[in-house]
Amino acid sequence: MSELTIGHSRTALIVGASKGLGLALVEEFLARGWHVTATTRGTTHVPLPDRDDGRLTVETVDMTVDAQVEALHERLRHTAFDLIFVNAAITRGDVPIGEVPLESFVEVMVTNAYAPMRFVERFHDLVPTSGTIGVMSSSQGSVSLNTHGGHEVYRASKSALNQLMRSFAARHGDDPRTLLLVNPGHVRTELGGPDAPLTVGQSIPGVVDTITGHAGEPGLQFPDFRNRTVPW
């Protein structure tokens, strides 16, 4: 694996950074000396400390609104990013599929699978051949690991995300860029719940280590925050 050069300033676009794992990713990359463009859905600014030395830019975009995605691309079209990483996930409870309203199913699928991959499709031209494109996935998206069920729509949305990213990789088979689906583990966030075994501080440094450690490796990989391969 090829660690990104220490001391050389890198640029990242972190999508979905208003709270939780996305916000922690921004903080971690800033702490490591990166220049970061972070996106939020609303007008609230990312509540980061004044330690970024001008290395933080905040943009607003709702990935589920095509016009906003297009407008953001227009604003950033002259910027090259060493890393684009998309973080997006919602859940609507642990409900069997037969009890899930259609509206909830569509909302979860659009937010967790459709919108992130549409973003990747629109923005991958801003990543050079030496760069990385990553999406936050989950071990719950693994079909082979699903031996206990539960959270069926969330699981299905992450499986769909994985499949769409794999299709993207297949269509760009000669692309030298690094493609990553990253499992952060079960983390104590609003989505993960108060009983999750990991804190954000235990997960995110490992996520960033995994992302930077795979830089320069072409093709798609599905590692977790400890850099262990997650089975499909």
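The table below lists the values:
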| read-out | value |
| --- | --- |
| Residue satisfying all of: in the range 145-191; of a type in the set (Ser, Thr, Tyr) and open to solvent by 10 Å² or more (accessible area, probe 1.4 Å); farthest from residue 210 (Cα to Cα) among these | 147 |
| Any hit, the range 141-156, residues being touching a helix residue (DSSP H, G or I) at 6+ places or on another chain (Cβ under 7 Å), in a strand (DSSP E or B) and in contact (Cβ under 8 Å) with a residue 40 or more places away in the chain | no |
| Qualifying positions in the range 94-121 - touching a helix residue (DSSP H, G or I) at 6+ places or on another chain (Cβ under 8 Å), closer than 25 Å to residue 20 by Cα, among the hydrophobic types (A, V, I, L, M, F, W, C) and open to solvent by 60 Å² or more (accessible area, probe 1.4 Å) | 105 |
| Tabulated pairs, the range 84-106, first closer than 22 Å to residue 63 by Cα and of a type in the set (S, T, N, Q), second in a loop (DSSP other than H, G, I, E, B) and open to solvent by 60 Å² or more (accessible area, probe 1.4 Å), C-beta under 7 angstrom, 6+ apart or interchain | 91/151; 91/191; 104/92 |
| Residue count for the range 178-223, restricted to those that are assigned to a strand (DSSP E or B) and touching a helix residue (DSSP H, G or I) at 6+ places or on another chain (Cβ under 7 Å) | 9 |
| Subset of the range 122-139 (residues that are buried (at least 20 other Cβ atoms within 10 Å of the Cβ) and either of a type outside the set (A, V, I, L, M) or part of a strand (DSSP E or B) (or both)) | 123, 131, 132, 133, 134, 135, 136, 137, 138 |
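The values are calculated or read from the model by the stated rules, or taken from the named source; none is laboratory data. Since this is a predicted model, take the numbers as computed values, not measurements. Glycine gets a Cβ as well: all are built from the backbone with ideal geometry, and neighbour counts include every protein chain shown. When the accessible area is computed, the model is the full protein with side chains, heavy atoms only, and any ligands, DNA or RNA have been set aside. Shrake-Rupley method; radii C 1.70, N 1.55, O 1.52, S 1.80 Å.
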